[in-house]
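Coordinate-derived values only; no laboratory data. Because the structure is predicted, anything quoted here is derived from the model rather than measured. Cβ placement follows ideal geometry from the backbone for every residue including glycine, while neighbour counts extend to all protein chains displayed.
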Amino acid sequence: MSFQTEKLGGHMAAAVSGLDLNHLPDAPMQAALQDVLHDNLVLCIRGQALAPVAFRDAMARFGTPMLRKQLERTPECAEVNIISSEDRDALGDGRKIVNGANWHTDDSFMRAPCSLTMLYGVVVPSRGGDTQFTNMYAAYEDLPTETRRRIDPLKVVHKYHSRRKLTYVSTRPADEMAAMPEATHPLVRTHPETQRKSLYLNPNRMEYIVGLERAESDRLLDELIAHATQMKHQYRHVWRQGDIVIWDNRCTMHKANADYPEGERRLMHRVIVAGTEPV
Ligand code: SIN
């Protein structure tokens, strides 16, 4: 087995083809896939046809899959969540939910947020429904030296129901909320595998920068978010059915788009793998 690699964005994202993940890659091939991911931050594996258990098993080669009870799960495999155009707030007012409609990195309200997220395009709309990504290494490296020096030591409190949240957040059972305590993370983190520094922002979950007045904290967070999400730092993934897109939450943010034609379906299967506490 071998694969071909194609660069997708100018500064991030690559697609590989020629693989059928129903047959798990051997160790050298898995290491080569990890390298493509480290170099490109977003890795798309084209042309897959995987049942939920096979999807989970292939993703388990990248890390330890985690259970996420707050999203619907496939009946066949508890570690595979469903993200669908039909998602509704089942425990709340029943309104339609678009998961991840604003810039975010996954699970930053946890002490040890997931390292990678894998989304598998089971049904993709005829147009729209792209996922956007932003390169948080580039966003950090592109800051003036003086700003980097100022923000390097700062820490940020993240929480699930942040006062700064931008989106409607679906209602969760009390036991799940209790399992989502706030977490304090560095504003600039060092990737544990590449050792590169990146901005670590989550517009929907950041509450305040420790040690700053709220107004000053809000101003700095707003400035950094605007800086990080400039077009020059972005890649926009146009889905093909059968794509698996793997992204590194430690050095990217992402955002879903629900702009596909009314009545068309978008169905994704999702796995996340365990991470460590950001440093
Ligand atoms: C997510 O934020 O996990 C979902 C992204 C998408 O559906 O494009």
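The calculated Kirkwood hydrodynamic radius for the range 4-273 is 19.2 Å, given to one decimal from all distinct C-alpha pairs.
Counted by Cβ distance under 12 Å from Ala183, the other residues give a net charge of 0, where Lys and Arg count +1 and Asp and Glu count -1.
For the chain, give the share of DSSP beta bridges that are antiparallel, in percent and rounded to the nearest 5; count only bridges with both residues there. Before the final figure, lay out each step's value.
Working: 47 of 50 bridges.
Around 95 percent antiparallel, to the nearest 5.
Taking every DSSP helix (H) stretch of at least 4 residues in the chain, weighting each as -39,500 (n - 2.57) and dividing the sum by the residue count yields a mean residue ellipticity at 222 nm of -5500 deg cm²/dmol.
Across the cross-link table entries Lys96/Lys165; Lys69/Lys96; Lys69/Lys197, which are compared at the Cα atoms, the separations over 26 Å belong to Lys69/Lys197. Peptides 231-240, 196-205 ranked from most to least packed give 196-205, 231-240, packing being the mean of other C-beta atoms within 10 angstrom over each peptide's residues.
By counting other Cβ atoms within 10 Å of each Cβ, how are Cys251, Cys114 ranked from fewest to most?
Working: Cys251 26, Cys114 23.
Taking fewest neighbouring Cβ atoms as first place, the list is Cys114, Cys251.
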